[in-house]
Amino acid sequence: QVQLVESGGGLVQAGDSLRLSCTASGRTGSRYAMGWFRQAPGKEREFVAVISWSGYTTYYADSVKGRFKISRDNAQNTVSLQMNSLKPEDTAVYYCAADFGIGVQSDPVGYDFWGQGTQVTVSS
């Protein structure tokens, strides 16, 4: 089992920045990719970004590419999502997730553990 706890959400204005963090505990001795997803009201959960265990491989959704940056610190069991130039359409609950499979993926079905989510609201 892995427990994931997100933090850093809040209410900001368009153009502002936020940094989300996710701390893992439990079965953290194994290698796992970490992803960020988000879900807006009335919409399905969507992929935002993923980072491999080593940190060398990252992928982003087209909607956030160039604005968001995912990073991780395995010594601290944390993964972060730096979000810049925020837009109202970035408003959603943001979730981090752990994937103990091989490689990295954007399909939420493939992730094994999820955090409880943190709300990000961007006003125009």
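How large is the accessible surface per residue of the chain, computed with a 1.4 Å probe and reported in Å² as a whole number? Mind showing how you got there, number by number?
Values: 6340 Å² over 124 residues.
On a per-residue basis, 51 Å².
Where does segment 21-79 land on Rg(C-alpha)/(2.2 N^0.38 Å)? Walk me through the intermediate numbers first.
Values: Rg = 12.5 Å, N = 59, 2.2 N^0.38 = 10.4 Å.
Dividing the Cα Rg of segment 21-79 by 2.2 N^0.38 Å gives 1.20.
Under 13 Å between alpha carbons, and skipping anything fewer than 8 positions from Lys43 in its own chain: which aspartates and glutamates qualify?
Partners found: Glu89, Asp90.
Extent of segment 10-116 along each principal axis, from alpha carbon coordinates, in Å, largest to smallest?
Over segment 10-116, Cα extents along the principal axes are 39, 27, 23 Å.
Using 14 Å as the cut-off for backbone N distance, which residues of segment 1-39 belong to the label zone defined by a point 7 Å from the Cα of Gln82 along Cα→Cβ?
Within reach of a label on Gln82, which here means backbone N under 14 Å from a point 7 Å along Cα→Cβ, segment 1-39 contributes 17-21.
Give the distance, in whole Å, between the Cα centre of segment 87-121 and the Cα centre of segment 24-77.
Result: 7 Å between the Cα centres.
Would you mind telling me the share, in percent, of accessible area of the chain contributed by carbon and sulfur at probe 1.4 angstrom? Before the final figure, lay out the partial values.
Details: 2980 of 6340 Å².
The C+S portion of the solvent-accessible surface of the chain is 47 percent.
Just grab the label-to-label distance for Arg67 and Ala14, each label 7 Å out from Cα along the Cβ direction, in nm (one decimal).
Spacing of the two 7 Å Cα→Cβ label points: 1.0 nm.
Convex hull over the Cα atoms of segment 85-124, averaged projected area in nm²?
Values: hull surface 14.4 nm².
Value for segment 85-124: 3.6 nm².
The values are calculated or read from the model by the stated rules, or taken from the named source; none is laboratory data. Every value quoted in this text rests on a predicted model; they were computed, and no experiment measured them. Positions of Cβ are backbone-derived with ideal geometry, glycine not excepted, and every protein chain shown enters the neighbour counts. Only protein heavy atoms, including side chains, enter the accessible area calculation; ligands, DNA and RNA are left aside. Shrake-Rupley method; radii C 1.70, N 1.55, O 1.52, S 1.80 Å.
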